[in-house]
Every structure is written in C-alpha cells, then in structure tokens.
Amino acid sequence: MQKLSLKFITLCFVCFCAVNPTYGQAIFNDTLARQLEQIYSDDQLYRGQEEEVLGKFGWQSKEYATLQNDEWKQDSINQVKVGAILDKYGWLGVAEVGDNGASGLWYVIQHSDYQMQNKYLPMMRVALKEKKLKPGRFALLEDRMALREGRKQIYGSQLYANAKTGENFVVPIDNPENVDQRRAEMELPPLAEYLGSFGLSWNLEQYKKDEPSLEEKTWRLPPYLWDSSMPVGTVTFDGRYDNPVFKTTDTLKMYTFRKPILNGGKPAIITYFREHYKNNDDKNANGYVTINFFVNSEGKAGKFRIQTMDFDYQPVKLPGNISTHLFCLTREMLGWKPIEYQGKRYGYYCYLNFRIINGKISEITP
C-alpha cells in the first residue's frame, strides 16, 4: 500500500471542513433555547410588577409580600430547571441558546440563593474565559456574592434602597480609588456614568466621608443592639431586617434557645464556615459573635439578630466586618431541620456562637 502524501491529507482535511461547517464551532440547540427563553420570561414575570405594586401599596403591604412570595416560588422552580441544564450541558452561550436563552441562565443564577451561586461560580469563570459569558454579568454576580458574604463589592454595581426614604445609595466598595479601572477590565462603563442612569452622582471624596453610614445602611442588622433582656419568643417583626413572608407558626418551647439542627450535624456547620469564612487577617479582633435566629417548621431560618461581646461577656464592637461577615454567611446557610415531635414539625429559636481569636474562628458552639 502506498503512503498517503502530505498534500493528499491536507486536501482531505480541507474538504472535511468544507462539508462540515460546524466543525470547531458551537452548535445552536433550539430545544434548550426555547426552554431557557421561557425560564427567562418566568424570571422577569413578577419582577416586572414590583414597581407598580410598591407604588400602590408600599413595601410593607400584604400585596407586596404576596408578590415577593410568588417571585421566590418561581425562582425556586427556575433554579431546579437551570441546575439540571448546567449539570448536563455546562454553561451555554449566545451561540448555543441565543440572547434570551443565555440571559435566562444568568438571571436565574443572579437571583438564586448563595449556595447555587457558589456552586456554579467556577463554571462561570471558565465560561468567562471562553467568551460564553459577558464580563459585566460576571462582575455583577461577584458583587452580589461579596455582599452576601458580608464583604464590600468590587465593581460598584449594587445599589440598595433606604428603608425609610426609598432612595437608592451605593453599597460600600472595596478600594474605591481604583473602581473604574476594575470596571474597565470587565467592560463596564465608568462608575459615574453607571450611577447617572439611576439619577445618582459619584464623588470619591464625598463617598469616603459617607462610607461609615453606608455600611450601617447596607448591613442593616445592628451587631451591638441585641436586647438580651427581651424574652426570645417576643422578637418583634422589623421590616428593615426581616422577610415579610417568613412564618414563625407551630413553635415548640418558644422562650428557650435550643441547639440548631442542620443536615449533617455539627461537622457540616464547621465545614461550611471553614470553607467560606474569609476574615482571618485582623489580628486585633478578639471576642464572641453570637447570631440568634429562628428555624420554623418548614426548616427555613429568619429573624436574625446579632450580639458581640468581649471575653468578659461585655458588649463590644469588633474591628473590621467580622460580625457582619458571619451574619451574612449564617443567613445564607440552607439545610436547617425543624423539631419533630409526635409526627408533627415545630419551629424553635437557636443560636450559633463564634469564638474569635486574632480574627480567626477558634470555636463554634453549641
């Protein structure tokens, strides 16, 4: 048999590429595109009604609480659908599922719980490098995750509304002097231009003066104002902090703190904070951070309150944002279990206490 010449092999390769135009290219998946377009529509359905409902009834109204409840239910359905798609196909870009399909993926992750965001963050980093995900969208997610972890945002994308006035304000930014450089790297416009679209202005010097008050408004739970003399069961709903649809019915022994019950037990709690706690460089932070909260009969947590003390159990403000960081991480935990007694489930009040030595967690109780 004669050896094939290099010229013949090259010609065959060229012919193969000519008759297979999708070789080396993404293949559009029409079925997935339609599914994700519907998911995108479902994601926006209730959010498109928020402005009208807030304008008519206000954020403390039953109407707004009902809308939020419907929105969260739809989000949970979307998260199951998108999780299944990502686990099977990986991240899908515009070339594979179209503009709305790609938007559906990103919006669901952006509106998902912290656990889902953290799970798919590595996949999204790869998609960013492969140009399947827009840099600006990835930046928005990183900012949102930072705030959920009690850290300052990186790109200045997140705005919160003042609970009393409804006015928007910029959430605290890490190293604000270089924020525009970071934004440019993620193909985002300068911060002044971005804020201008919301009717806000950007002045670095003024921001530095306002930063302490911005931090207080951003992480709204006052870490040092927990009234330990208050009977635990009478913690009053506070619209600034608490979820209006969170239920505290079917409570067992409401006036007693109990050991929190998490799937996986105490080892799961320790592993979670070992993997997510990042405030380990403040050598001057020493004391206790106690996070009190309620686990209801559905296994959901709410009514979080924080207490910080020194080693003599006196109220103290720990340096840095350690207490806020621990609060945010606790709030984002899933897998709490209600108490089961005689075939019925009950809610309970509980706490996690963190012993902090030189900025690091040395012990978690109970």
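Per-structure values
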read-out	value
Within the range 10-24, tally of residues that are under 25 Å from Glu130 (Cα atoms), open to solvent by 60 Å² or more (accessible area, probe 1.4 Å) and either modelled with pLDDT of 70 or more or not hydrophobic (A, V, I, L, M, F, W, C) (or both)	4
Answer residue from the range 62-77, given it is in contact with a Phe, Trp or Tyr (Cβ under 8 Å, 6 or more places away or on another chain) and among the charged types (D, E, K, R) and is most open to solvent (accessible area, probe 1.4 Å) among those	Glu63
Residue under evaluation Trp59, criteria (1) part of a helix (DSSP H, G or I); (2) at pLDDT below 95; (3) not polar (S, T, N, Q), criterion not met	(1)
Asn178 vs. criteria surrounded by fewer than 20 Cβ atoms within 10 Å (Cβ to Cβ), in contact (Cβ under 8 Å) with a residue 24 or more places away in the chain and of a type outside the set (A, V, I, L, M, F, W, C)	no
Qualifying residue in the range 139-158 (condition: over 24 Å from Lys300 (Cα atoms) and surrounded by fewer than 16 Cβ atoms within 10 Å (Cβ to Cβ))	no
Unique residue being touching a Leu at 6+ places or on another chain (Cβ under 9 Å), part of a helix (DSSP H, G or I) and in contact (Cβ under 8 Å) with a residue 40 or more places away in the chain when the list is Ala139, Ala95, Ala127, Ala65	Ala139
Residues of the range 95-123 that turn out to be surrounded by fewer than 18 Cβ atoms within 10 Å (Cβ to Cβ) and more than 25 Å from Trp72 (Cβ to Cβ), as a count	3
Single residue of the range 301-327 satisfying the filter (under 17 Å from Leu262 (Cβ atoms) and touching a Gly at 6+ places or on another chain (Cβ under 9 Å)) that is modelled with the lowest pLDDT	Phe327
Residues of the range 25-50 satisfying the condition of being β-branched (Val, Ile, Thr) and open to solvent by less than 60 Å² (accessible area, probe 1.4 Å)	Ile39
Check on Val126, among the β-branched types (Val, Ile, Thr), at pLDDT 90 or above, open to solvent by less than 10 Å² (accessible area, probe 1.4 Å) and within 25 Å of Ala26 (Cα to Cα)	no
Counted residues, the range 347-362 - those being under 17 Å from Leu262 (Cα atoms), open to solvent by 20 Å² or more (accessible area, probe 1.4 Å) and either of a type outside the set (S, T, N, Q) or assigned to a helix (DSSP H, G or I) (or both)	1
Residue match in the range 307-320 (condition: open to solvent by less than 20 Å² (accessible area, probe 1.4 Å) and closer than 25 Å to Ala146 by Cβ)	yes
Of all residues in the range 59-103 being closer than 20 Å to Asp113 by Cα and small (Gly, Ala, Ser), the one that is nearest to the chain's Cα centre (by Cα)	Ser76
The range 249-293 - residue that is at pLDDT 85 or above and among the charged types (D, E, K, R) and, of those, least open to solvent (accessible area, probe 1.4 Å)	Lys266
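The values are calculated or read from the model by the stated rules, or taken from the named source; none is laboratory data. Treat the numbers as computed from the prediction; the structure is a model and nothing was measured. Don't worry about glycine lacking a Cβ; one is built from the backbone with ideal geometry, like all the others, and counts go over all protein chains shown. These area figures cover heavy atoms from the full protein model, side chains too; ligands, DNA and RNA do not enter into them. Shrake-Rupley method; radii C 1.70, N 1.55, O 1.52, S 1.80 Å.
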